[in-house]
Structure formats: C-alpha cells, structure tokens
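Working notes, structure below.
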Amino acid sequence: MFHISNGNPYESEQECMLIGLIDQPEKFSGGLQQLDDAFKGNLTKLVKTGDISAKYKSVSVIHSLGNTPIKRFIFIGLGRSKELTDERLREAVGKASKKIKDLRTGSFSVVLDTFIAGKISAEKAAWTLSEAFIMASYEFPGYKKSNEPDIIINKITVFTNQDKKTIESAVETGWIFGTGVNNARTLVNTPSNLLRPSSMAAYAAEMADEYGIEIELLEKEEIEKLGMGAFLAVNQGSGEPPYMIVLKYQGKEEWADVLALVGKGITFDTGGYSIKPKDGIVGMKTDMGGAAAVLGAMEVIARLRPDRNVVAVIPATDNMINEKAFKPDDVITSMNGKTIEVLNTDAEGRLVLADAITYAKMHGADRLVDVATLTGGVIVALGLDKTGAITNNDDFYNQVKEASKKTGEFIWRLPYTENDRERVRSSKIADLNNSPGREGHAIMGGAFIGEFVENTPWVHLDIAGTATTDKEYELGPSGATGVMVRTLAMLAVGQKPW
Ligand code: BES
Ligand code: ZN
Ligand code: ZN
C-alpha cells in the first residue's frame with residue numbers, strides 16, 4: 001500500500017500528487033522551482049492570480065496537460081508556518097484528501113517535505129498525513145443497492161528526503177490510528193438489528209484473535225453468578241442476551257499498573273419504561289459509541305504493542321421493554337453490593353457502567369477511563385463539539401487532557417463536588433438513586449459512576465454530543481465520528497517524540 005521513496009517526485013509518473021503550500025510564496029523555489037520550470041513559469045502566474053494559494057485550507061487541482069509525467073497536482077494551503085499546529089495540519093490534509101477521493105484515482109503520491117514547517121517535524125507530518133487521509137476518506141458502505149464500482153486507492157507513494165524507515169513507521173502509526181477510528185465509526189453507524197450485543201462480542205473476539213490479545217466473554221449465566229444486578233436490570237426487558245466483554249493487552253512482564261478503558265455498550269436505548277419520545281429515540285443505535293471508542297483504541301494498542309497493560313471492559317446490551325423489563329421505583333443491587341433506586345430507566349448507561357467499573361477493578365485497574373454517550377445534559381452544557389469530562393484525580397486528568405490535545409479531540413472538565421456526591425446518595429430507601437433530577441445532569445451521570453470508582457484515579461468522558469455529527473467535516477462524513485479512539489490510544493501508547 002505505502003511506498004516511501006527518496007527519489008525526485010517530479011520526475012516520476014503519477015496519477016495525482018499532493019503538495020503542501022505554506023507562507024504564500026512569491027515564486028516557487030527548491031524542488032517546486034523545477035516544477036514551475038516544467039510549467040514554463042505558469043505555476044508562479046497561478047500563484048499571483050490566486051488560483052493556487054497557501055491560504056489555509058485552500059485546495060487547487062492543476063492538470064499538468066502533459067507538461068510533467070504527473071497527471072494532476074493538488075495544492076493544499078497550510079496557512080502561515082508560525083500558526084501551523086498538528087490539528088490545523090490534520091484538517092487541511094483532511095480537506096485535500098476528500099478532493100483526492102472525489103477524483104477517483106487508484107493511486108496518489110505526496111511530497112512529504114512540503115508539509116514540514118513550523119512546529120511540524122517530518123515524522124509528525126508523516127503520521128498526520130496518513131491519519132488524516134484515512135479518516136477523511138472514510139465512508140459507511142450502507143445498504144443501498146448500487147452498481148457504481150468502488151474505486152479503492154491501492155498505492156500511496158510518499159516522497160521524502162528523510163530517512164525512509166523513520167517515515168515509514170510514522171506513516172504506519174498514523175494509518176493504524178485512522179483505521180481504529182474508522183472501524184469504531186462503522187460499529188456506531190451499524191443499526192442495532194445488525195449490531196447486537198452478541199455481534200459486538202463476536203467482533204471483539206475476532207479482534208483479539210487477529211492481534212493476539214486475551215479475551216474474556218461473560219455470558220448471562222456468569223454475569224448472574226457474579227451478581228451484576230445493575231447490568232442485568234437494564235437487560236431484563238430484552239430478548240437479546242447481555243455480554244460483558246473483557247479484552248486484555250499485556251505489554252509488561254507483570255499484570256500490574258493497569259489502565260482500564262470502560263465503554264458504554266448499549267446497542268439500542270429505547271429509554272425503557274421511562275420511554276423516549278419519538279424524536280429522541282431515533283439515533284439510539286449509536287448508544288454504544290463508548291464501547292466502539294474502546295474497541296477502536298484497543299485495536300490501535302494491540303497493533304502498536306506499547307509496554308503498558310490495558311484492560312477494556314464493555315457491558316453490552318440493549319435497553320428494551322417487555323413485561324419483564326425493569327421499572328421506575330425498582331431497587332436493584334449492583335455487583336459491589338450498593339443498592340440503587342431506579343428513578344428513570346432511561347438513565348441506564350450509568351447502571352451498566354457501575355458493574356463494568358467494579359469488574360475492571362477486579363481485573364486490577366489502577367487507573368480508569370470510562371467513555372459513554374451518557375447524557376443529553378452534556379449537549380446542553382457544552383454543545384455538540386465538546387466531550388465533557390469528570391475526574392477524581394487532577395494528575396490523571398492532565399494526562400488524558402494532554403493526550404486529547406495531541407489528537408485534537410477537545411475535552412472540557414465539569415466540576416464534581418461533595419454536593420454532587422450527596423445528590424446521587426439522596427435516595428430514601430437505597431444507597432444511591434440513578435436520576436437525581438434535571439439540574440446539572442451531565443455531572444450527575446458522572447457522579448453516579450464515581451460511586452463505584454471510589455479512590456482509583458478516574459476520568460469519565462461523556463461523548464453524547466461528540467460521538468456523532470449531522471454535518472460532514474474535514475476528517476469525515478456525517479454520522480459516527482469515532483471520537484476518543486485516538487485519545488484513548490494516545491493515552492495508552494504514550495508519548496512519541498513527535
Ligand atoms: N443514551 C442517552 C443519552 C444520549 C442522549 C445520548 C442524546 C446521545 C444523544 C442516555 O441513556 C439517556 O437517556 N440519558 C438521560 C438521562 C436522564 C434520564 C437522567 C438524558 O440525558 O436525558
Ligand atoms: Zn437512556
Ligand atoms: Zn443511553
């Protein structure tokens with residue numbers, strides 16, 4: 001698929017070549033001078049007329065009309081080198097990648113060294129280019145009868161003057177990150193009749209097999225034996241059996257110092273007897289976005305094999321209604337013995353996560369991150385482009401925040417105080433109640449989960465607003481975003497030099 005070349009890019013035969021332009025050039029210099037010469041100075045003219053521009057995110061396609069062995073050039077504006085950041089580069093490349101996809105070519109090439117500027121090193125550029133390309137060209141296949149053949153890009157040539165091995169590994173890493181995101185997106189986009197709890201379990205098993213990591217799949221009987229009463233209550237109204245999916249990646253000699261990733265895996269959320277209104281129920285196939293983020297991150301981790309230990313725990317079930325379904329007013333007992341008064345069956349995510357957190361701790365978790373499409377409240381508080389966070393530990397939160405800065409997946413911390421802890425403990429008849437009211441309810445969701453985390457360093461990520469999008473954007477189409485796959489993977493894989 002990839003080919004890294006130290007050759008002269010402008011002398012090779014290519015269908016399409018991507019070139020970054022930075023700091024509006026007066027005229028072309030260096031390698032681009034050679035190109036301009038081949039065009040008899042016409043590229044410089046096009047720069048002067050603004051047809052080719054270094055303006056941020058400006059994309060221009062130029063046909064060589066036989067002037068060079070390269071059929072077409074795509075120039076992507078990167079803005080000012082001083083202002084160039086990972087995230088700006090990622091978005092610009094994403095935009096250019098969509099153009100490449102529209103051109104429906106079977107191969108393309110990129111002049112890597114034209115993307116190295118400001119704070120962006122060669123390796124960072126290589127990583128970002130491949131990550132952004134694969135994310136931006138994602139498409140959910142869907143289920144339409146279509147006779148248009150898919151054009152699959154099967155060759156990408158990266159021209160560079162840098163060390164081939166180093167660039168190759170950075171390109172590969174970006175590709176792995178992007179693939180993790182896309183696979184998570186596909187899980188989220190798949191409707192719940194086709195992605196059942198058992199399908200998620202099978203998906204995880206296949207992944208474990210492919211990348212050689214350990215898997216433990218708990219079926220209903222074992223879940224009952226372990227006393228996961230909160231998880232089981234949510235599954236009670238369903239014809240689909242629940243699964244507790246556990247994946248273990250061991251990168252250290254000893255199973256100690258374990259990072260746990262816990263993802264909400266509700267394959268469909270009707271709300272239960274606290275049923276959702278007809279407009280609120282559409283889209284609830286995406287209520288396993290947290291699980292998908294964890295699965296995507298585990299895939300990246302299993303492929304990159306860092307020297308860390310990571311356990312993933314995913315409670316998978318739908319939240320349905322039949323005569324056996326749990327009801328408001330029910331009191332249930334979670335695996336750690338705490339009793340819960342159910343005031344709202346639509347606040348089911350925190351119930352399944354409660355037992356998943358307890359189980360992650362049984363697997364030796366020293367640090368916990370849970371990811372969940374947990375509350376509409378986070379959308380009210382932060383909008384559709386920000387993931388809400390809650391934590392009990394500043395240091396661990398800072399690590400997650402650092403990872404999120406690197407990936408450009410914005411997170412924002414919500415306050416979590418003693419008052420919040422009191423509110424989730426305010427039931428008259430049980431230890432906890434699952435829905436203390438509308439006020440600050442994104443915080444309440446996190447605070448409820450916090451009761452099961454206890455003292456382990458923990459970050460809760462509410463992705464109800466960010467797991468999907470209505471609008472196409474630079475790094476992908478509308479639908480599932482695969483948010484947090486990269487941040488979780490970055491957190492686990494750790495600091496890279498670039
Ligand atoms: N799955 C929903 C949250 C959600 C809402 C996700 C919109 C994506 C988009 C969750 O289970 C839920 O229904 N939460 C309730 C909690 C409330 C009853 C305390 C909510 O946010 O309204
Ligand atoms: Zn719900
Ligand atoms: Zn839900």
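The values are calculated or read from the model by the stated rules, or taken from the named source; none is laboratory data. As the structure is a computational prediction, the values presented were derived from the model and not from experiment. When we count neighbours, we look across all protein chains shown, and the Cβ atoms used for this are built from the backbone with ideal geometry, even at glycine. What goes into the accessible areas is simple: the full protein's heavy atoms, side chains included, and nothing from ligands, DNA or RNA. Shrake-Rupley method; radii C 1.70, N 1.55, O 1.52, S 1.80 Å.
Looking at the chain, send over the antiparallel percent of its DSSP beta bridges, to the nearest 5. Intermediate results must be reported in sequence, preceding the final value.
Details: 28 of 70 bridges.
Counting only bridges with both partners in the chain, antiparallel ones make up about 40 percent.
Compared with the dominant principal axis of the Cα atoms in the chain, helix 122-136 is inclined by about 70°. Set the Cα radius of gyration of region 131-200 against 2.2 N^0.38 Å, with N its number of residues, and you get 1.46. The residue list MET288, MET320, MET135 was ranked by how far each Cα lies along the charge dipole of the chain toward its positive end, using unit charges on Cβ atoms, and MET135 comes out on top. Taking the Cα centre of the chain as reference, the dipole from Cβ charges on Lys and Arg (+1) and Asp and Glu (-1) amounts to some 1600 debye.
Using the Kirkwood radius built from alpha carbon pairs, what does the Stokes-Einstein equation give as D for region 312-422 at 25 °C and 0.890 mPa s, in µm² per second?
Translational D for this selection: 151 µm²/s.
Descending by average beta-carbon neighbour count within 10 Å, the peptides 277-290, 206-219 line up as 277-290, 206-219, the highest first. Phi angles across region 167-180 convert, under the Karplus curve 6.51 cos²θ - 1.76 cosθ + 1.60 with θ = phi - 60°, into 3J(HN,Hα) values of 5, 4, 5, 5, 4, 4, 4, x, 5, 5, 4, x, 5, x Hz, Gly and Pro given as x. If we count every other residue with Cβ under 11 angstrom of GLU15's Cβ, Lys/Arg +1 and Asp/Glu -1, where does the sum land? Overall, the nearby charge balance is +3.
If you bin all the Cα-Cα distances of region 211-312 at 5 Å, starting from zero, the percentages per bin are 2, 11, 18, 19, 17, 14, 10, 5, 3, 1, 0. Neighbours of LEU343, meaning other residues whose beta-carbon lies under 11 angstrom from its beta-carbon, give a summed charge of -3 when Lys and Arg score +1 and Asp and Glu score -1.
Computed over the alpha-carbon pairs of region 341-498, the distance histogram in 5 Å steps reads 2, 9, 18, 21, 21, 15, 9, 4, 1, 0, 0 percent, short to long. Shape of region 125-280 from the C-alpha gyration tensor: oblate (a/c of 1.5 or more and a/b not above b/c, with a ≥ b ≥ c the square roots of its eigenvalues).
Apolar share of the accessible surface for region 186-252: 44 percent from carbon plus sulfur atoms, 1.4 Å probe.
When peptides 40-52, 477-489 are sorted by average Cβ neighbour count within 10 Å, with the highest value leading, the order is 477-489, 40-52.
Of the peptides 301-312, 161-172, the order by per-residue mean of other Cβ atoms within 10 Å, starting with the highest, comes out as 301-312, 161-172. Spatially, region 402-462 and region 316-385 are offset by 11 Å when compared through their Cα centroids.
With coordinates expressed along the principal axes, the C-alpha atoms belonging to region 12-114 extend over 35, 32, 22 Å, beginning with the largest. Taking all protein chains as present, what is the carbon and sulfur share of the accessible area of region 258-362, in % to the nearest whole number, probe 1.4 Å? Taking all protein chains in place, region 258-362 shows 53 percent carbon and sulfur surface.
Here the accessible area is traced with a 1.4 Å probe on the protein chains. For region 26-159, carbon and sulfur cover 51 percent of it. Here the chain was treated as a single set of alpha-carbon atoms; its pair distances binned every 20 Å from 0 give 24, 50, 23, 4, 0 percent. Distant-in-sequence amide contacts of GLY251, defined by a placed amide H-H separation under 5 Å and a gap of 5 or more residues or a different chain, comprise ARG308, ASN309, VAL310. Rounded to the nearest 20, the Cβ-based charge dipole of region 89-190 about its Cα centre (Lys and Arg +1, Asp and Glu -1) stands at 260 debye.
Sum up the charges of everything whose Cβ sits under 11 Å from the Cβ of GLY237, counting Lys and Arg as +1 and Asp and Glu as -1, but leave GLY237 out. Write out the running numbers ahead of the final one.
On the way: positive: LYS324, LYS327; negative: GLU240, ASP318, GLU323, GLU348.
Around GLY237, the surrounding residues sum to -2.
Note on GLU214 and GLU454: with the Förster distance fixed at 25 Å, the Cβ-Cβ geometry gives a FRET efficiency of about 0.45. Here the contact order of region 2-162, divided by its residue count and restricted to Cα pairs under 8 Å and six or more residues apart, works out to 32 percent.
About the centre of its Cα atoms, region 1-149 shows a dipole size close to 500 debye [charges on the beta carbon of Lys, Arg (+1) and Asp, Glu (-1) only; nearest 20 debye]. According to the Kirkwood relation over distinct C-alpha pairs, the hydrodynamic radius of region 404-482 is 14.8 Å. Averaging the sequence gap over all C-alpha pairs within less than 8 Å and six or more residues apart, then dividing by the number of residues, gives the chain a relative contact order of 15 percent. The aspartates and glutamates whose alpha-carbon is closer than 12 Å to the alpha-carbon of LYS48, local same-chain residues fewer than 8 away aside, are GLU26.
Probing with 1.4 Å while keeping every protein chain in the model, the per residue accessible area of region 246-347 equals 36 Å².
When the listed pairs LYS124/LYS264; LYS165/LYS401; LYS71/LYS124; LYS361/LYS405; LYS27/LYS55; LYS220/LYS327 are checked against a 23 Å cut-off, the alpha-carbon distance exceeds it for LYS124/LYS264; LYS165/LYS401; LYS71/LYS124; LYS361/LYS405.
How large is the helix-only mean residue ellipticity at 222 nm for the chain, computed as the sum of -39500 (n - 2.57) over DSSP H runs with n ≥ 4, divided by its residue count, in deg cm²/dmol to the nearest 500?
After summing the helix terms and dividing by residue count, I get -11500 deg cm²/dmol.
Distances between placed amide hydrogens fall under 5 Å for LYS155 paired with PHE108, all partners being 5 or more residues away or on another chain.
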